[in-house]
Amino acid sequence: MTLMNWLTEVFTWWNGQTIGTRFYTWRFGKPVGEDERGNRYYQTADGKRRWVIYNGPAEASAIGAGWHGWMHHRTDTPPPKDGYTPHPWEQPHSPNLTGTGLAYRPKGSLLNTAERPRVTGDYDAWQP
């Protein structure tokens with residue numbers, strides 16, 4: 001573990017795991033599996049508590065559908081052991097871009113310089 005990784009664990013909660021989570025996982029965690037994104041899943045010995053250590057920023061939408069069911073106690077068998085295969089209609093993960101430079105900004109918003117299209121139909125804006 002490098003000094004930067006250690007400082008990140010001590011002073012941030014949104015990137016990977018905190019020092020408290022590292023200690024709790026070391027003390028009580030039983031590894032269950034890892035998904036295709038590198039997220040690692042753990043549970044206590046009695047199986048009552050389940051958690052994930054994210055590979056990168058902590059974003060709940062980064063958990064796949066199969067692991068989501070296991071995390072929320074909908075199934076007791078984790079995806080690698082029950083042969084879970086995604087349905088054809090399931091989309092690959094795309095991160096939430098809200099608050100970033102890549103967020104959607106429609107024409108006419110304060111952060112988009114393009115002019116908003118003229119109102120059409122029977123709506124007329126109120127003017128005092």
*asked:* Suppose we filter THR113, THR85, THR77, THR98 for residues that are β-branched (Val, Ile, Thr) and surrounded by 10 or more Cβ atoms within 10 Å (Cβ to Cβ); which single one remains?
replied: THR77
*On the given criteria, is ALA45 loosely packed, with under 10 Cβ neighbours inside 10 Å and within 30 Å of ARG27 (Cβ to Cβ)?*
yes
_Of the conditions (1) assigned to a loop (DSSP other than H, G, I, E, B); (2) more than 18 Å from the chain's Cα centre (by Cα); (3) at pLDDT below 85, PRO80 satisfies every one except a single condition; which number is it?_
(1)
_Contacts under 7 angstrom Cβ, first residue in the stretch 84-113 being in contact (Cβ under 8 Å) with a residue 24 or more places away in the chain, partner loosely packed, with under 11 Cβ neighbours inside 10 Å, 6 or more apart_ = HIS93/SER61; ASN96/SER61
*Would you tally the residues in the stretch 71-128 being β-branched (Val, Ile, Thr) and within 19 Å of ASP35 (Cβ to Cβ)?*
3
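The values are calculated or read from the model by the stated rules, or taken from the named source; none is laboratory data. Since the structure is predicted, the reported quantities are computational estimates derived from the model, not experimental observations. Quick reminder, even Gly has a Cβ in these numbers, built from the backbone with ideal geometry, and neighbours come from all protein chains shown.
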